[in-house]
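Working notes, structure below.
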Amino acid sequence: MFEDRTAPGADVQSLWRSARSARCEAKTCQTGKISTAEAAAQSHIARDAAVQTEQSKDAVQDFQQEVQVDYTGLLSFLQRVEDAVIKELNKNWKSHAFDGFEVNWTDQDETVLCLHTLSYPEARDQNLQVTSVSWNATGSVIACSYGRLDDGDWSTEKSYVCTWNLDRRALNPQHPDLVVDVPSSVMCLAFHPSQPSLIAGGLFSGELVVWDTSRTEDPVIWRTGMTDDTHTDPVYQVKWLPDTKHRNHARLLSVATDGKILLWREEQDGRLALAEGFAIVAQQIPRSTRLKKMAWGEAAVGVTSLSFSHFEPGVFVVGVEGGYSLRCSAAAQAPALPRPGGSVPLRAPAELTFSPHAGPVYSVSCSPFHRQNLFLSCGTDGQVHLHSMLQTQPLFALQLSKKYLFCVCWSPVRPLVFAAASGEGNCNECLSAGEVHLFDLARSMQKPTVSLKQSMSECPVYCLEFNTKHTRLLAAGDAAGTVKVWQLSSDFTEQGPREMSHLEQLASEIVD
């Protein structure tokens, strides 16, 4: 009944295809050809006005007519609004709403970052410590000195001064651009304020040396040598000062734990000669009625740090091993007694003694913003003192920790910001790693705003320095032999509108 069968296909011839082919019509169109015409022009006259050839006089006259100004009407308008505009300008001129505000054209950054971790492997192999860091005049080169701050003997092993150019594309954190071998531990460094290649260093032996980093063969250009004028104790700070007699020259100042503050001048024979000097003598330090517990005869007067006032060039503050900070004057004329030996008579500069720390003062820093000469001090008692030079008692004393504080430094751009370096006195006995503490007094006067862990190894941070050219950079060196370059957030580099008035308020809180 059912069976498989295949039916043949049906084929119908297309008359449309044959007809279209006969008429040569396009295969994709089933209608006749459509006639088109260009109709995009809105006029039948065209003019080319983009040429740089001379225009006709008529065209020039038309252009001049278009830019004519009604000077009579403009003058009338200015006369009507003159009083109102001057009134508003005077109001703005007297306003303090934007005091201290500076436009920041850089990108905003809300975190503190570690940009570079620098070290010299040979120095670390010898267990040398970073004793000092310094930025050069352009702010692009960082230098560090290697030595020892925890050894009390006359170390004879060599040390190093290393520099890195952070702007160099081929920067190698483990390979300095320049390495200078030094026969004695280098305790401190200071780049010349205007000549980027000159750097001065103070040695454990008491000598001062000036190197020219552009000379790779023999970079030493000046040195004191070992004479009767040379320090007899390690030099803990060097500083370049402008030469009042020669504008293009600078003199070099050094302080040491022998109690001497010496000012050196350059000689043509490559020698640093003593120009003038001071000595801190216990018997000549002014006695304060507020400091009755002071054992003057036993007080250690070895100078560990110095900072000049930014507003009174002849005034400076020194920190001494006895725990005191002293206000001193470069204009002092009283001779230091008993008279130390040397080619130049030394003077006694101390004028005022400030309330002491409970241990040696390691660092002092004068504010670059306040005319009443606020300064910070820190020491082995783990405290930071904020002082006014007008009174002996501190404006406030901040107990940061039980650890030593080795360095304190004001920010060059924020009046209420400073940094402190902490750590234990002996790297082998540290209970915790050294840290870099950033304080913003506008936020808190009791604790740091940010604490940065310098390294995983439990070693103190010995030195700090802000970069005055690239103000977001802060360098810190530690006992592990490394230098970290921190990039600060905008919070620490942008001054607030009321910051100076806040600083004035702090300075006015004088203790009766």
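Worth pointing out:
- Consider segment 110-125 and keep the residues that are assigned to a loop (DSSP other than H, G, I, E, B) and surrounded by 15 or more Cβ atoms within 10 Å (Cβ to Cβ). The one that is modelled with the highest pLDDT is 120.
- Complete set of residues in segment 447-475 that are modelled with pLDDT under 95 and small (Gly, Ala, Ser): 451, 455, 457
- For segment 172-192, taking the residues that are open to solvent by less than 40 Å² (accessible area, probe 1.4 Å) and part of a loop (DSSP other than H, G, I, E, B), the one that is farthest from residue 121 (Cα to Cα) is identified as 192.
- Residues in segment 208-225 that are open to solvent by less than 30 Å² (accessible area, probe 1.4 Å) and part of a strand (DSSP E or B) were compared, and the one that is nearest to residue 237 (Cα to Cα) is 208.
- Screening residue 259 with (1) out of contact with any Cys (no Cβ under 6 Å at 6 or more places or on another chain); (2) within 16 Å of residue 189 (Cα to Cα); (3) open to solvent by less than 30 Å² (accessible area, probe 1.4 Å) gives one miss only, at (2).
- Residue count, segment 402-435 (criterion: among the aliphatic types (A, V, I, L, M), over 17 Å from residue 305 (Cα atoms) and modelled with pLDDT of 90 or more): 3
- Condition check for residue 195: open to solvent by 40 Å² or more (accessible area, probe 1.4 Å) and in contact with a helix residue (DSSP H, G or I) (Cβ under 8 Å, 6 or more places away or on another chain): no
- Count - residues of segment 374-393 that are open to solvent by 20 Å² or more (accessible area, probe 1.4 Å), outside any strand (DSSP E or B) and either closer than 21 Å to residue 501 by Cβ or of a type in the set (S, T, N, Q) (or both): 3
- Among the conditions (1) over 23 Å from the mean Cα position of the chain (by Cα); (2) over 20 Å from residue 261 (Cβ atoms); (3) part of a strand (DSSP E or B), residue 143 misses just one, which is (1).
- Residues in segment 480-512 that are at pLDDT below 85 and in a loop (DSSP other than H, G, I, E, B) were compared, and the one that is most open to solvent (accessible area, probe 1.4 Å) is 512.
A quick yes/no check of all residues on (1) assigned to a loop (DSSP other than H, G, I, E, B); (2) modelled with pLDDT of 85 or more; (3) more than 15 Å from residue 336 (Cβ to Cβ):
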position: 227; (1), (2), (3): yes, yes, yes
position: 241; (1), (2), (3): no, yes, yes
position: 272; (1), (2), (3): no, yes, yes
position: 290; (1), (2), (3): yes, no, yes
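- Residues in segment 331-366 that are assigned to a loop (DSSP other than H, G, I, E, B) and within 25 Å of residue 434 (Cβ to Cβ): 356, 357, 358, 359, 360.
This table checks each residue for (1) within 12 Å of residue 135 (Cα to Cα); (2) among the small types (Gly, Ala, Ser).
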site	(1), (2)
161	no, no
166	yes, no
175	no, no
181	no, no
188	no, no
194	yes, yes
201	no, yes
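- Scanning segment 78-99 for residues that are open to solvent by 100 Å² or more (accessible area, probe 1.4 Å) and more than 30 Å from residue 502 (Cα to Cα) returns 79, 80, 83.
The values are calculated or read from the model by the stated rules, or taken from the named source; none is laboratory data. Keep in mind that what you see is a predicted model, and the values were worked out from it rather than measured. For neighbour counting, all protein chains shown are included, and Cβ atoms are generated from backbone atoms with ideal geometry for every residue, glycine included. In case anyone asks, the SASA skips ligands and DNA or RNA and just uses the protein heavy atoms, side chains included. Shrake-Rupley method; radii C 1.70, N 1.55, O 1.52, S 1.80 Å.
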